[in-house]
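All of the numbers you see were taken from the coordinates with simple rules; none came from a lab. Values in this document were obtained by computation on a predicted structure and should not be read as measured data. Counting neighbours? That spans all protein chains shown, and the Cβs are built from the backbone with ideal geometry, glycine included.
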Amino acid sequence: MAERAAEAGFEVRMGFETEWAVSRPAPDGAFDAACAGPAYGMTRIVELSDYVRAVAEALAAQGIEVHQIHPEYGAGQFEVSTAPADPVGAADEVVLVRETVRAVSARHGLRVTFAPVALAGEVGTGCHLHFSLGRNGRSLHRESGAPYGLDPAAVAFLGGVLDALPALSAVGAPSPASYLRLRPSQWAGAYRCWGVENREAALRLVRGVWDDPDGGNAEIKCVDAAANPYLLAGSVIAEGLNGVATGAKLPPPVVGDPGALSEAERRERAIDQLPSTLTEATDLFERQEVLRDAMGDVLHGALVAVRRAEAERSAGRAPEEVVAATRWRY
């Protein structure tokens, strides 16, 4: 897919935000948050200063450019944002980031999870995908005079991705626990809509600093670390290229939380809630011809089979049971 994008004249850059939750070891496999401070503050950083510094130093030693590390909203939760790369390089890097965090955590006597939910009923853990588009060395997010700075080709690419988000859920939110995270008003992007700097929209347009010629990107918020990053990156490119080929459009952006709108307002604006179960997402994915063509019949069929098996295994389980079964798998 990266090669197809290059052949079409696009320069695609991607980067992942990696979130994880840190636990003290518990003999029964429970999650026991290793710190107690709030999000976006110094308390957790101070509580686990040696650990957080060790994570940053290990990533730097491996040549990974870290933009920031900070506490997130979930219990014991942190996030690291790294610099963008080519799509395959970004997928390589997020795997290295996860394994590095896991190894540093073990060295500090801590246990770490990247699972979509560490504690049932609490804010989940995502792995947001950022991507930007360029052509001939020029950012397509910096078109002077265009609405939101988006070149028409970028509008069509983003429109293709937005249209496909329900089917893409089976790729980017592939665990039964993913749908315990993908809830309205939980910063997970549970509605198929886009917005400018809107953290509740599934597709968020990040404007960046306007005088930065390379600034600006789009962020997909409805995905988590249960996803295979290579399949996710390739699927997003495939749907974006399909949007360009079909002349996809973007509807008016959503301001504020779409979950705060009435059902009638959402229906009028075609703001749909993303799948609420893995079975629903898999049904949509199975019928999606763009992804079938991009993956080929063998890979596409394998994903369908695995997703259905995962869904069947969790059928009838309470959320606490689903979380306990998946907590340490990712």
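Within the chain, the longest run free of exposed loop sites, counting trypsin sites (Lys or Arg not before Pro) that sit outside DSSP helix and strand states (H, G, I, E, B) and have at most 16 other Cβ atoms within 10 Å, spans 1-198.
Computed extension gain for residue 317 through residue 46, at 0.36 nm per residue and net of the alpha carbon distance, reaches 93.7 nm.
Taking every DSSP beta bridge that has both ends in the stretch 176-330, the antiparallel portion is near 60%.
Helical runs assigned H by DSSP (4 residues or longer) give the chain a calculated mean residue ellipticity at 222 nm of -12500 deg cm²/dmol, each run adding -39500 (n - 2.57) before division by the residue total. Net length available on complete extension from residue 230 to residue 30 is 69.0 nm, with 0.36 nm assigned per residue and the Cα-Cα distance removed. For residue 302 and residue 185, the difference between the fully extended length at 0.36 nm per residue and the C-alpha to C-alpha distance is 38.8 nm.
Simple spin-label estimate for residue 6 and residue 263 gives 5.0 nm between the two label positions (7 Å along the Cα-to-Cβ direction from each Cα).
Computed over the stretch 187-251, the percent of Cα pairs more than 21 Å apart is 33. Here the chain is treated as a Stokes sphere of Kirkwood radius computed over C-alpha pairs; at 10 °C and 1.306 mPa s its diffusion coefficient rounds to 79 µm²/s.
In percent, rounded to a whole number, the relative contact order of the chain is 20, using alpha-carbon pairs under 8 Å and six or more apart. Where both bridge residues fall in the chain, DSSP classifies roughly 90% of the beta bridges as antiparallel. Would you give the gap between the C-alpha center of the stretch 271-316 and the C-alpha center of the stretch 36-50, rounded to a whole Å? Each part's Cα centre sits 38 Å from the other's.
Amide hydrogen proximity for residue 82: with H placed 1.01 Å from N in the peptide plane, the residues at 5 or more positions away or on another chain lying under 5 Å are 16, 18, 67.
For the stretch 33-146, the relative contact order is 19 percent, taking Cα pairs closer than 8 Å that sit 6 or more residues apart in sequence and dividing their mean separation by the residue count.
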